[in-house]
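To keep things clear, I will list the structure first and then write my remarks on it.
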Amino acid sequence: MAHAVVGRHRPPRALRRAASFAVVCGALIGGLVWLSPLIGLGEKEDFVLFQVAGLPRRTVALAAACLCAAGAGIGLLPLAVSLLHNAARKATAAAASVRRQDIRARAVRHWSQAWRTGGQVAWHLVRATWRKCWRIVYAVSVLAVILVGAEFFQRAIEPEPNSYFMFPPNTERTYHIRSDILPGVAPVARFVVNGYGLRGVPPRGEPVRMMVLGGSTVESFVQDEPNTWAAQLGHLIDGWLGPSKVWVGNGGRSGLTSFENILQMRHLSAIVPGVRSVVILIGGNDMAYGYVNANRPEPEIVPEAVRYERTFFTIQSPADGFPYDLALYRLYLSVVRLSNLARRGFMQVGGSDTAYMDWLVTTRAERSAARPFRDDLPNLAPYLAVYRNNLDAIVDLARKDGVDLTFVTQPLMYRANQTAEQESIYGWFGKVSGDEHQPAFYYSSAALDAMMKLYNQVTLDTCDRQHVLCIDAAAEIPPTSEFYYDGMHFTDAGNRLLAQIVFNGLKKGGRLIAPR
């Protein structure tokens with residue numbers, strides 16, 4: 001009897017279609033939300049399909065789950081209500097047909113029958129539902145077992161939980177340089193990343209480990225691997241102390257400021273274990289951070305989560321918590337970031353990457369058309385104070401870990417009264433984007449030189465106050481196009497000269513012990 005009831009009281013076809021539509025739409029939206037970074041629809045916490053509505057990615061995922069649940073409810077609840085209503089109607093009809101004198105007894109009996117019928121209907125509903133859904137339950141159970149096994153497997157094979165990679169480990173790109181845009185740079189450049197996620201060769205044997213940290217002037221991203229000044233410094237040390245006595249790791253990454261250098265020092269042992277000495281070329285990006293934001297009433301402090309994103313290719317911050325505690329989620333983030341880099345051409349091997357050179361040509365033309373330049377200096381006092389505090393924090397971290405620290409001042413080519421030929425190679429540096437209060441403008445070479453001297457003086461004062469070795473490279477590199485290709489970044493000759501200056505400073509400061 002219950003089987004007949006179940007068969008006759010199915011939900012209307014329109015309701016069943018609505019339920020199926022809700023479940024399918026919810027599943028599709030949820031899948032697109034989580035797969036959006038991989039297929040290029042959006043990245044991180046923003047989902048491009050919902051940016052107009054201002055909905056964050058997690059809200060969209062929750063809405064998709066609710067849509068699936070609503071569809072399931074639309075499909076199942078009417079069926080259950082229909083079955084229970086049919087049982088109650090039959091029991092009521094049976095009670096009304098009995099004689100009046102024993103209506104109470106018969107009603108009690110029929111209501112009991114109704115409850116029994118309802119229980120039978122519920123049982124048949126559950127059994128029928130289970131018959132249709134056991135495959136789904138089985139598949140979900142198998143998937144859960146697979147995911148648990150994959151989680152343990154990933155935790156077993158992934159690097160230690162505190163690993164931080166600056167670039168995708170064990171990768172390489174090769175590109176060609178146009179000498180008319182980047183004079184003084186070798187025509188072919190190989191960007192080789194070792195297993196530590198750093199540029200250059202990995203340490204071999206048991207050498208003393210030294211790290212060079214900084215921004216793009218350390219990364220030397222347009223230079224061939226042997227022509228970076230970190231590699232040149234390693235060659236000079238090998239010639240002085242003997243081969244493989246000291247390994248020099250290149251921890252430079254474009255755009256890093258002293259804020260990000262703090263994160264590098266905080267996780268130094270996770271980047272490369274056993275580092276004994278650190279050299280930081282510092283000040284240039286901090287100066288840009290200062291003059292760009294100088295019109296704000298107070299210094300803008302970038303959130304630490306954003307600084308982690310800028311500094312490291314993979315992030316496993318101890319403060320992240322769930323879901324970053326899951327190895328599979330960390331693997332997912334790594335795949336997403338690797339796919340983003342691949343779309344931007346980072347993993348291009350053997351090709352010609354002209355994006356940076358085209359951008360440099362554009363910025364040079366924009367600067368030339370932006371005359372007159374601004375000579376007056378912005379109010380950098382708040383940002384110089386922040387910079388000083390960051391240097392102190394770096395010193396504290398180095399002392400805490402027992403690391404020998406050396407600061408290097410930032411050299412620049414910008415000077416007052418330079419020739420038109422010298423000015424022609426300058427690009428984006430010194431630009432302040434416009435807003436509703438003022439149009440975009442550029443600071444003059446004299447203003448940039450004066451601002452850089454302020455930051456370098458803070459570096460020198462901090463070294464003197466904290467008794468830290470400081471190498472004043474800014475005072476030793478001549479401001480000519482022989483050593484700079486855009487006013488800030490070094491040519492191959494500039495890298496060789498800087499490496500020699502740092503090498504001499506390390507010897508003079510007692511950081512390198514001469515062989516006996």
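The values are calculated or read from the model by the stated rules, or taken from the named source; none is laboratory data. This is a predicted model, so every value here is computed, not measured. Cβ placement follows ideal geometry from the backbone for every residue including glycine, while neighbour counts extend to all protein chains displayed.
A few notes on this one:
- The set of residues from segment 200-221 being under 24 Å from the mean Cα position of the chain (by Cα) and at pLDDT 90 or above comprises Met211, Val212, Leu213, Gly214, Gly215, Ser216, Thr217, Val218, Glu219, Ser220.
- Looking only at residues in segment 353-379 that are exposed (fewer than 15 other Cβ atoms within 10 Å of the Cβ), out of contact with any Ser or Thr (no Cβ under 7 Å at 6 or more places or on another chain) and among the acidic types (Asp, Glu), the one that is farthest from Met287 (Cα to Cα) is Asp358.
Table: residues versus (1) assigned to a loop (DSSP other than H, G, I, E, B); (2) modelled with pLDDT under 70; (3) hydrophobic (A, V, I, L, M, F, W, C).
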residue	(1), (2), (3)
Leu125	no, yes, yes
Leu143	no, no, yes
Val148	no, no, yes
Phe152	no, no, yes
Ala156	no, yes, yes
Ser163	yes, yes, no
Pro168	yes, no, no
Asp180	yes, no, no
Pro183	yes, no, no
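- All of Leu380, Leu454 fail the test of being at pLDDT 95 or above, in contact with a helix residue (DSSP H, G or I) (Cβ under 7 Å, 6 or more places away or on another chain) and closer than 15 Å to Ala288 by Cα, apart from Leu454.
Every residue, every condition in (1) among the aliphatic types (A, V, I, L, M); (2) touching a helix residue (DSSP H, G or I) at 6+ places or on another chain (Cβ under 6 Å), yes or no:
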position	(1), (2)
Arg374	no, no
Val403	yes, no
Gln410	no, yes
Glu421	no, no
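Okay, residues lined up against (1) within 33 Å of the chain's Cα centre (by Cα); (2) closer than 30 Å to Ala370 by Cβ; (3) not in a strand (DSSP E or B); (4) not assigned by TED's automatic domain parsing to the domain that holds Ser220:
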{"site": "Tyr414", "(1), (2), (3), (4)": "yes, yes, yes, no"}
{"site": "Gly434", "(1), (2), (3), (4)": "yes, yes, yes, no"}
{"site": "Tyr442", "(1), (2), (3), (4)": "yes, yes, no, no"}
{"site": "Met451", "(1), (2), (3), (4)": "yes, yes, yes, no"}
{"site": "Gln457", "(1), (2), (3), (4)": "yes, yes, yes, no"}
{"site": "Pro479", "(1), (2), (3), (4)": "no, yes, yes, no"}
{"site": "Gly494", "(1), (2), (3), (4)": "yes, yes, yes, no"}
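- Residue that is surrounded by the fewest Cβ atoms within 10 Å (Cβ to Cβ), among those in segment 416-432 that are outside any loop (DSSP other than H, G, I, E, B) and hydrophobic (A, V, I, L, M, F, W, C): Ala420
- Note on segment 473-503: residues that are without any contact (Cβ under 8 Å) to a residue 24 or more places away in the chain and farther than 12 Å from Thr228 by Cα total 1.
Rundown of residues vs (1) within 23 Å of the chain's Cα centre (by Cα); (2) of a type in the set (A, V, I, L, M, F, W, C); (3) assigned to a helix (DSSP H, G or I), yes/no style:
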| position | (1), (2), (3) |
| --- | --- |
| Pro273 | yes, no, no |
| Arg296 | no, no, no |
| Glu300 | yes, no, no |
| Val306 | yes, yes, yes |
| Arg310 | yes, no, yes |
